[in-house]
1. Among (1) open to solvent by 70 Å² or more (accessible area, probe 1.4 Å); (2) more than 20 Å from residue 220 (Cβ to Cβ); (3) in a helix (DSSP H, G or I); (4) charged (D, E, K, R), where does residue 90 come up short?
2. Please specify each residue of the range 213-242 satisfying the condition of being without any contact (Cβ under 8 Å) to a residue 40 or more places away in the chain and open to solvent by 50 Å² or more (accessible area, probe 1.4 Å).
3. Here is a check on your reading of the model: is residue 78 in a loop (DSSP other than H, G, I, E, B) and either open to solvent by 10 Å² or more (accessible area, probe 1.4 Å) or among the polar types (S, T, N, Q) (or both)?
4. Can you tell me how many residues within the range 52-75 are open to solvent by 80 Å² or more (accessible area, probe 1.4 Å) and outside any helix (DSSP H, G or I)?
5. Kindly provide the set of residues from the range 185-234 that are outside any helix (DSSP H, G or I) and acidic (Asp, Glu), ordered by number.
6. Only strands (runs of 3 or more DSSP E) wholly contained in the range 122-173 count here; list those with 3 or more residues that are open to solvent by 60 Å² or more (accessible area, probe 1.4 Å) and within 20 Å of residue 205 (Cα to Cα).
7. Tell me yes or no: at least one residue of the range 21-37 is at pLDDT 90 or above, hydroxyl-bearing (Ser, Thr, Tyr) and open to solvent by 20 Å² or more (accessible area, probe 1.4 Å).
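The values are calculated or read from the model by the stated rules, or taken from the named source; none is laboratory data. If you're wondering where the values come from, they're calculated on a predicted model, not measured in any experiment. Methodologically, a virtual Cβ is constructed for each residue, glycine included, from the backbone with ideal geometry; neighbour enumeration extends over all protein chains shown. Please note that ligands, DNA and RNA were not included when accessible areas were found on the heavy atoms of the full protein model with its side chains. Shrake-Rupley method; radii C 1.70, N 1.55, O 1.52, S 1.80 Å.
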Amino acid sequence: MVSDVHGNAEALARAGEGADALICLGDLVLFLDYADHSRGIFPDLFGEENADRIVELRTARRFEEAREFGARLWAGIGADRAGAIEKAVRKQYAEMFAAFPTPTYATYGNVDMPPLWSEYARPGTTVLDGQRVEIGGRVFGFVGGGLKTPMRTPYEIDDEEYAAKIEAVGEVDVLCTHIPPEVPELVYDTVARRFERGSRALLAAIHRTKPRYSLFGHVHQPLVRRMRIGATECVNVGHFAGSGTPWALEW
């Protein structure tokens, strides 16, 4: 089980060793590494110094200044901003999907570009979003993406659409999402020093349907990585890009 791979293809290729299946909860793309500002699409396009600056602004929650700064940089790219991003994302996706073992079950993260996944997912990789599947005799539900934030990452959806996907999954043994339930200890990032967005609909579903596990990523350095909500064990299985170590689910 991995989440927030963010370009770590080398570790991803080993993640499924000895397992019946690999589950990936999204964020394959590395746009900007907050720990190493030289890595990712942003520094490749604009340089490490500019990456340092935008991380500084975002960490200080000066989002409007960060957007203005980014807009000036993107203006230098010209009219084909979308094309430049897609080209870089495609290069990363080719490497990431080639590293997936068989079988792999995956859903999208908030920085992913879902329309491209069908082009790169090979036989043996099953992509699910708002859907359920049986793995090893247990029912797994998958909900991808994130909720809308000032960061404006590619796959952010509104609360109603997200709640509908949670509802569509229904009662499962293992509820797999990219973002965590809206619990302060699970959504606070101790390095970025901010609360990320979690889902109230997911939290309500945990209380209502009582899955055995709620598994997620998104928050790279959470205040708490694991806690119980009633009968449900809630576990942050990321940040795989930094650890390179998958989390094993056994029964």
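1. Going through the list (1) open to solvent by 70 Å² or more (accessible area, probe 1.4 Å); (2) more than 20 Å from residue 220 (Cβ to Cβ); (3) in a helix (DSSP H, G or I); (4) charged (D, E, K, R), residue 90 breaks only (1).
2. Scanning the range 213-242 gives 221, 223, 225, 226, 228, 230, 231.
3. yes
4. Going through the range 52-75 one residue at a time, the tally reaches 2.
5. Answer for the range 185-234, where residues must be outside any helix (DSSP H, G or I) and acidic (Asp, Glu): 189, 196, 233.
6. Here the list reads 131-135.
7. no
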